[in-house]
Protein chains: 2
Amino acid sequence: MLKLKIKNVDIETGGAPIVLLNTSDAYEMGIHSMDRINVHFHKKVKTAIVDVTSKIIPPGSIGIFKELDREIPIEDGGFVNIEPAPTPASVGLIKDRLLGRQLKKNEIAAVVKDIVTNRLSDVESVFFMASAYTTEFSTEETVALTNAMVLSGEQLKFDKGPIVDKHSIGGIPGNRVTMIIVPIVAAAGLTMPKTSSRAISSPAGTADTMEVLAPVNLAFEDLKKTVMKTGACIAWGGSVNLVPVDDKLLQLRYPLRLDPKPFLLASILAKKKAAGSQKVIIDIPVGRFAKIKHKSEAQTLAYDFIRLGNKLGMQVQAIITQGDKPVGRGIGPALEARDVINILTQAKDAPQDLRDKSLEEAGIILELGGKAGRGQGYALAEKLLKSGKAWKKMQEIIKAQGGNPKVKVKDLPLGKHKHTIKSSRTGSVYAFDIPAIVKIARAAGAPKDKGGGIDLHVDRGVRVKKGMPLFTIYAEHENKLRDAIRQAEKERIVIMEKSIMRVIDNVTELPSV
Amino acid sequence: MLKLKIKNVDIETGGAPIVLLNTSDAYEMGIHSMDRINVHFHKKVKTAIVDVTSKIIPPGSIGIFKELDREIPIEDGGFVNIEPAPTPASVGLIKDRLLGRQLKKNEIAAVVKDIVTNRLSDVESVFFMASAYTTEFSTEETVALTNAMVLSGEQLKFDKGPIVDKHSIGGIPGNRVTMIIVPIVAAAGLTMPKTSSRAISSPAGTADTMEVLAPVNLAFEDLKKTVMKTGACIAWGGSVNLVPVDDKLLQLRYPLRLDPKPFLLASILAKKKAAGSQKVIIDIPVGRFAKIKHKSEAQTLAYDFIRLGNKLGMQVQAIITQGDKPVGRGIGPALEARDVINILTQAKDAPQDLRDKSLEEAGIILELGGKAGRGQGYALAEKLLKSGKAWKKMQEIIKAQGGNPKVKVKDLPLGKHKHTIKSSRTGSVYAFDIPAIVKIARAAGAPKDKGGGIDLHVDRGVRVKKGMPLFTIYAEHENKLRDAIRQAEKERIVIMEKSIMRVIDNVTELPSV
């Protein structure tokens, strides 16, 4: 035991509790950076990970970050006693896995539990994820991983079933199908406690778009009440935090944009299981700019979802969808909310592609949930839309979440500053440059400025004449509009097909036969 | 660009510069934790990695850690402008490698350079090391890794060659051969700029032991002067820091006690190359408690060292040694220094095993360095020892490093508190429990208390009678002596052979024929 004087450090690490030791004290105790020690104070003991420093902390002192500080209310200048603490067994398990041994169910659970309870450092957790590349996760391991993740947070339970859900692998601008599917299937009597994400690097997530119509930061109890009252909700997943360990794991693999398959599968299905879902569809868009580039890859992933879902006691169905163009017309929270309302209220200029995709997905869920016979789902979904029942259900949800159910398209906070980009040539729309769309919509202020974004005037296959409007940029602030226009002048977001592919005017260019 | 108010954070991360952003500012900029931003101030730009927080830093402010602070001298309350910055290309290379692509020479160099210059986060660097387990390092990659590591720090150059060196894979208590080999080979006219490590979890490193006789924290120029004057030095590697990036990489793999082979090889040979070494021997102890457990593993490792050394322009010879017992009698800095002086001054109670191992290794180095013919090295080494030239050279080195060359064994600061443990039975010494020895010596105060440790009175094969002394514990402080005795009562560090292996008194126990 070594007695050290407390020096509080006014920072949170956000992860495992860390203490700073001076080099000479660490040397005396035989403690190395990243070793663990037990900190004793007032008959309490707390384990922390050591960072050794020759600066900031003088010999005889110990730097204590907020995390530990909260657990043991210690004042600057007080004293603690420290002693070396053993490394958690999970560290050895991670090493085993990295070096090639598949883990048992309870071993996977032990590792995840230690990540959840902040007993592992980031470096240790990273090696766990890296082990997915050295040693394939067996189905049993992936099941254990998912179950352990479910146990990391709270779980929803609803008496009225079937409980259905959907998830999109994402990466497609627009694509606000969730806000159309949820009211349709809830109107049919299914329960759909939907939690969605906010945009990280895209112009809008479903949570950002729903937030134009109603609050989405629902506390756990508010979410439950909304679902109990209306049969559904469209909430921000971050506010209920069903699977808190997932955020941590996502953050650690974010820098390399890694999606080790067992973690990708577990991340998605753990949230569904924690929400109490029984029937789930997974939308896997395939396209050059989508997360999944090839159909064969999508198919393998689909099988993986179905297999894992079954082992977890959920019926999963996967759909492979077009992922090479935006779905809907608006890109940005308010513009996307407008598309959603236009479809639900059957306005005549509602975007057909978004309507169709939503009805198709809703149809599958209705069939899965036993509300429609095989092949009858689309028709039922369309009927619920046309009858106005879907819009009525959406108004109930908006109201239950604390929004204005009488919202009209003209009330939506579209950016007051706008500018339309016209075609410089004649041709057919062949493709969209999705990264360019994202860049311009974000420059215009989306998703933080709800009214910023892009309104597309053309869809794929449309014949465009020179001078015809291609898209309009909306912004809440004039300077952001200027930034977005500058971006738009550099990028070509609507890609036109040339009728003449190549002009040959020289015989030497002909390929030799 | 977003203008934010500076809030200085009085902590060093020790790695890549980090800034703290409030969640809402990060959301507006589309920035995620672990993304990079450029921080603009007074026409300077500095890249930092973002940590997003909803606490501590209010919207409109930015938390700046000391690292960035030093580079851009900014005061609390000033303002900076920030913008998203691209991820370094090396992050993509690390991902490629993790997913199975071997890297080109310049790509390895780019990754290492970004680690050296703190452009990569710990998480990113960890994935680089983990990639050694998904995708084997080719010889070319390992060579590139080593060369890039050499370039991370300063390099020594001496005109007078050959420059020789040695390294032990380590893990064996005692084993202070370096302090005997260095003066012998320097006395023969070879140049040996030896840098050694301090103990992390063992009772003494060579640097800790040499420090009993002379300062070992030599600045770069002092080390050079010592070698130029005497032909050698025995310095602490940490003070000259020849390959700074190695410390960082070691620290990141320390929690899992990982030694990915290319990193292990590069770590050792980069330091030799940076020291200007031309001929190197690598000691690979094999034993149950040593780092390397099996001879076959040691042999593969030996080949790897030789092959890599050749590619780096060094002649490497590897020796596989007994690693299942302490070498020498003392364990702890002052006790080990005593053994060294006893051997060099030819005291009659000098430990024979340490003397022999040192002469054997010195002999090989003398042969490698062209000072002795093949098979003549041991004899020359013994001659240099017996003639007193080795001790004279050691005294020169001690003096050049700032110690007292007239040091005598009786002046050594052995702990004043001691206690001898006696044998409770009669038998032959069969083995030593090395982890128990380490634990007791450390409990007695080693390595921080130079005089703490264990003095073994028996060697393997010695016949011991009940009541004969096995070892004496030395401590500088009475309470540490008590702790060590308590440990010693729980552990059996000297393991005795039973003459009768098994008593058979029942025919049913006989194996069936």
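General observations
- Of all residues in segment A:446-466, exactly one satisfies the criterion of being modelled with pLDDT of 95 or more and farther than 30 Å from B:Asp25 by Cα, namely A:His457.
- Test: residue in segment B:63-76 that is of a type in the set (Gly, Ala, Ser) and surrounded by fewer than 18 Cβ atoms within 10 Å (Cβ to Cβ): no
- Conditions (1) buried (at least 22 other Cβ atoms within 10 Å of the Cβ); (2) at pLDDT 95 or above; (3) among the polar types (S, T, N, Q); (4) over 30 Å from A:Lys46 (Cβ atoms); number of the one not met by A:Asn175: (2)
- Residue within segment A:75-88 that is within 14 Å of chain B (Cβ to nearest Cβ) and under 19 Å from B:Phe127 (Cα atoms) present: no
- Scanning segment B:473-493 for residues that are surrounded by fewer than 18 Cβ atoms within 10 Å (Cβ to Cβ) and not in a helix (DSSP H, G or I) yields a total of 3.
- Taking the numbered list (1) farther than 18 Å from A:Pro469 by Cα; (2) within 14 Å of another protein chain (Cβ to nearest Cβ); (3) of a type in the set (A, V, I, L, M) in turn, A:Leu414 passes all entries but (2).
- Just one of the numbered conditions (1) away from chain A (no Cβ under 14 Å); (2) more than 13 Å from the chain's Cα centre (by Cα) is not true of B:Leu252: (1).
- Selection status of A:Glu497, over 26 Å from A:Ala334 (Cβ atoms), among the charged types (D, E, K, R) and modelled with pLDDT under 60: no
Residues checked against (1) in a loop (DSSP other than H, G, I, E, B); (2) buried (at least 19 other Cβ atoms within 10 Å of the Cβ):
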{"site": "A:Asp208", "(1), (2)": "no, yes"}
{"site": "A:Val212", "(1), (2)": "yes, yes"}
{"site": "A:Leu218", "(1), (2)": "yes, yes"}
{"site": "A:Lys229", "(1), (2)": "no, no"}
{"site": "A:Leu264", "(1), (2)": "no, yes"}
{"site": "A:Ala298", "(1), (2)": "no, yes"}
{"site": "A:Asn310", "(1), (2)": "no, no"}
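- Condition met for A:Ala436 (under 30 Å from A:Ala219 (Cβ atoms), under 25 Å from the mean Cα position of the chain (by Cα) and touching a residue at least 40 places away in the same chain (Cβ under 8 Å)): no
- Scan of segment A:255-314 for residues that are polar (S, T, N, Q) and under 19 Å from A:Thr178 (Cβ atoms), ordered by number: A:Ser267, A:Ser277, A:Gln278
- Matching residues, segment B:215-241, being away from chain A (no Cβ under 14 Å) and modelled with pLDDT under 90: B:Val240
- Residues that are under 14 Å from B:Gly63 (Cβ atoms), among the aliphatic types (A, V, I, L, M) and within 38 Å of the chain's Cα centre (by Cα), drawn from segment B:1-20: B:Val9, B:Ile11, B:Ile18, B:Val19, B:Leu20
- If you go through segment B:14-24 and pick out every residue that is more than 19 Å from A:Ser239 (Cα to Cα) and within 14 Å of chain A (Cβ to nearest Cβ), you end up with 7.
- Any hit, segment B:113-132, residues being free of Cβ contacts under 8 Å to residues at least 40 places away in the same chain, farther than 22 Å from A:Ala26 by Cβ, surrounded by fewer than 22 Cβ atoms within 10 Å (Cβ to Cβ) and away from chain A (no Cβ under 14 Å): yes
- Residue in segment B:72-84 that is polar (S, T, N, Q) and either in contact with a helix residue (DSSP H, G or I) (Cβ under 9 Å, 6 or more places away or on another chain) or part of a helix (DSSP H, G or I) (or both) present: no
- Among the conditions (1) within 14 Å of chain B (Cβ to nearest Cβ); (2) crowded, with 21+ Cβ neighbours inside 10 Å; (3) touching a residue at least 12 places away in the same chain (Cβ under 8 Å), A:Ala270 misses just one, which is (1).
- Residue within segment A:142-151 that is within 14 Å of chain B (Cβ to nearest Cβ), crowded, with 20+ Cβ neighbours inside 10 Å and not aliphatic (A, V, I, L, M) present: no
- Checking B:Gly174, B:Gly170, B:Gly161 one by one, the residue that is more than 14 Å from every other protein chain (Cβ to nearest Cβ) and either touching a helix residue (DSSP H, G or I) at 6+ places or on another chain (Cβ under 7 Å) or of a type in the set (S, T, N, Q) (or both) is B:Gly174 and no other.
- Output for segment B:148-167, where each listed residue is among the acidic types (Asp, Glu) and within 8 Å of B:Leu242 (Cα to Cα): B:Glu154
For (1) in contact with a strand residue (DSSP E or B) (Cβ under 7 Å, 6 or more places away or on another chain); (2) within 8 Å of chain B (Cβ to nearest Cβ); (3) in a loop (DSSP other than H, G, I, E, B), each residue gets a yes or a no:
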| residue | (1), (2), (3) |
| --- | --- |
| A:Ala26 | yes, no, no |
| A:Met34 | yes, yes, yes |
| A:Val39 | yes, no, no |
| A:Thr47 | yes, no, no |
| A:Asp51 | yes, yes, no |
| A:Ile56 | yes, yes, yes |
| A:Ile62 | yes, no, no |
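- Residue among A:Leu414, A:Leu359 that is within 24 Å of the chain's Cα centre (by Cα) and surrounded by 17 or more Cβ atoms within 10 Å (Cβ to Cβ): A:Leu359
- A:Ala186 being in a helix (DSSP H, G or I), modelled with pLDDT of 95 or more and surrounded by fewer than 24 Cβ atoms within 10 Å (Cβ to Cβ): no
- Flag for B:Pro203 being assigned to a loop (DSSP other than H, G, I, E, B) and within 14 Å of another protein chain (Cβ to nearest Cβ): yes
The values are calculated or read from the model by the stated rules, or taken from the named source; none is laboratory data. Not measured: the values here are computed from a predicted model. Glycine also receives a Cβ, built like all others from the backbone with ideal geometry; neighbour counts cover every protein chain displayed.
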